[in-house]
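To keep things clear, I will list the structure first and then write my remarks on it.
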Ligand SMILES: *[C@@H]1O[C@H](CO)[C@@H](O)[C@H](O)[C@H]1NC(C)=O
């Protein structure tokens, strides 16, 4: 029967496209951790610009308002830096650091008037960085 090989071919072609599509949709990234940044600046301070990046990944400049959270994924075991800007102030810090953060699934940052604070449980905070003013 002539149709047999045709079915096998259709089957192989669909397997091929299934494999291709599942490797380009981003699911090959195993997310190691999530960086959470909470904007806790004073009311009326306006939106904050933030850019988080590693050597391999760059999430670009994003904006998030007072009282809201910015979030991005850690895709590689590498140092991630975040840079925050609001008005004339600028701060940068190591948002994810493999040696410090290990296998923790979330790293929380609180951005406040008096500095940048780190937490692993979203409740106890340690001040890690400060604003620079020009
Ligand atoms: C962290 O805590 C704040 C304040 O309690 C809460 O609003 C926020 O949803 C928490 N974030 C996460 C990701 O649990």
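The values are calculated or read from the model by the stated rules, or taken from the named source; none is laboratory data. None of the values given here were measured: they were computed from a predicted structure. Because the Cβ atoms are built from the backbone with ideal geometry, glycine has one as well, and the counts that use them run over all protein chains shown.
Okay, here's what the table says:
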| item | result |
| --- | --- |
| Top-ranked residue in region 67-108 [being in a strand (DSSP E or B) and modelled with pLDDT under 95; ranked as surrounded by the most Cβ atoms within 10 Å (Cβ to Cβ)] | 86 |
| Selection within region 123-132 - within 16 Å of the ligand (Cβ to nearest atom) and loosely packed, with under 13 Cβ neighbours inside 10 Å | 123, 124, 126 |
| Filter pass, residue 30 being under 14 Å from the mean Cα position of the chain (by Cα) and modelled with pLDDT under 90 | yes |
| Residues (more than 13 Å from the ligand (Cβ to nearest atom) and touching a helix residue (DSSP H, G or I) at 6+ places or on another chain (Cβ under 6 Å)) located in region 66-108 | 77 |
| Filter result (loosely packed, with under 12 Cβ neighbours inside 10 Å and within 16 Å of the ligand (Cβ to nearest atom)) within region 109-121 | 121 |
